[in-house]
1. What are the residues in region 39-71 that are of a type in the set (Val, Ile, Thr) and within 18 Å of LEU146 (Cα to Cα), if any?
2. Go through region 89-145 and give me each residue that's under 23 Å from ASP5 (Cβ atoms) and touching a Lys or Arg at 6+ places or on another chain (Cβ under 6 Å).
3. Look through ALA34, ALA56, ALA46, ALA6 and report the one residue that is small (Gly, Ala, Ser) and over 19 Å from LEU88 (Cα atoms).
4. Quick check on region 59-117: of everything there that is among the charged types (D, E, K, R) and within 12 Å of the chain's Cα centre (by Cα), which residue is nearest to THR43 (Cα to Cα)?
5. Kindly evaluate MET35 against the criterion of being closer than 25 Å to LYS137 by Cα, touching a strand residue (DSSP E or B) at 6+ places or on another chain (Cβ under 6 Å) and surrounded by 14 or more Cβ atoms within 10 Å (Cβ to Cβ).
6. Regarding region 128-137, can at least one residue be identified that is within 20 Å of GLU92 (Cα to Cα) and under 17 Å from the mean Cα position of the chain (by Cα)?
7. Hey, can you tell me all the residues within region 54-107 that are small (Gly, Ala, Ser), farther than 16 Å from MET142 by Cα and in contact (Cβ under 8 Å) with a residue 40 or more places away in the chain?
8. Here's a check for you: in region 114-146, which residue that is hydroxyl-bearing (Ser, Thr, Tyr) and not in a loop (DSSP other than H, G, I, E, B) is farthest from THR57 (Cα to Cα)?
Amino acid sequence: MRIRDAGIEELPEVQHIENACFQEERYAKEVLAAMLEEEGFETFLAEDDNELMGSATVNYRDDLVAAQLVSIAVLPRFRGKGVAKALLAEAETKVRKRGADRMVLQVSVTNIAALNLYLHQGYVLEGMIGDYYGPGKDAYFMDKVL
């Protein structure tokens with residue numbers, strides 16, 4: 001598996017992953033494009049033999065208290081193969097290099113696989129955000145000291 005940085009030219013690939021992994025909570029094409037271009041955001045892709053497996057986006061700017069894992073997504077047929085763990089490790093490495101000492105994230109209370117991944121990687125459950133993904137769709141707020 002190889003993890004590489006993504007630029008605006010990979011917008012179709014990032015959007016494909018987003019659409020395959022998320023329902024109504026997915027980011028619109030315009031938002032994905034902004035994250036690929038805007039300073040402080042980094043998006044990267046996991047691939048094997050030039051076949052896309054997943055993506056992740058982090059946000060780290062000097063004005064933030066902590067870096068944020070904005071999105072992590074693995075195409076369904078590659079789940080359970082360590083792709084999300086590798087993307088998360090890359091996200092933590094990238095923000096550490098930029099000076100972050102904390103990473104925060106939000107995860108759906110129904111996404112047990114992601115919740116377990118984050119807990120096993122040292123994230124701490126800090127609370128719940130009601131209706132984060134829409135009415136009746138709550139999220140856990142998690143934090144990790146890097």
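1. Answer for region 39-71, where residues must be of a type in the set (Val, Ile, Thr) and within 18 Å of LEU146 (Cα to Cα): THR57, VAL58, VAL65, VAL70.
2. Listed by number, the list holds a single entry, MET103.
3. ALA34 is the lone residue from the list that is small (Gly, Ala, Ser) and over 19 Å from LEU88 (Cα atoms).
4. That would be GLU90.
5. In short, yes.
6. no
7. Selection gives SER55, ALA73, GLY82, ALA86.
8. By that ranking, first place goes to TYR140.
All of the numbers you see were taken from the coordinates with simple rules; none came from a lab. Quick caveat: nothing in here was measured; it's all calculated off a predicted structure. Here Cβ is always computed from backbone atoms with ideal geometry, including for glycine, and neighbour counts include all displayed protein chains.
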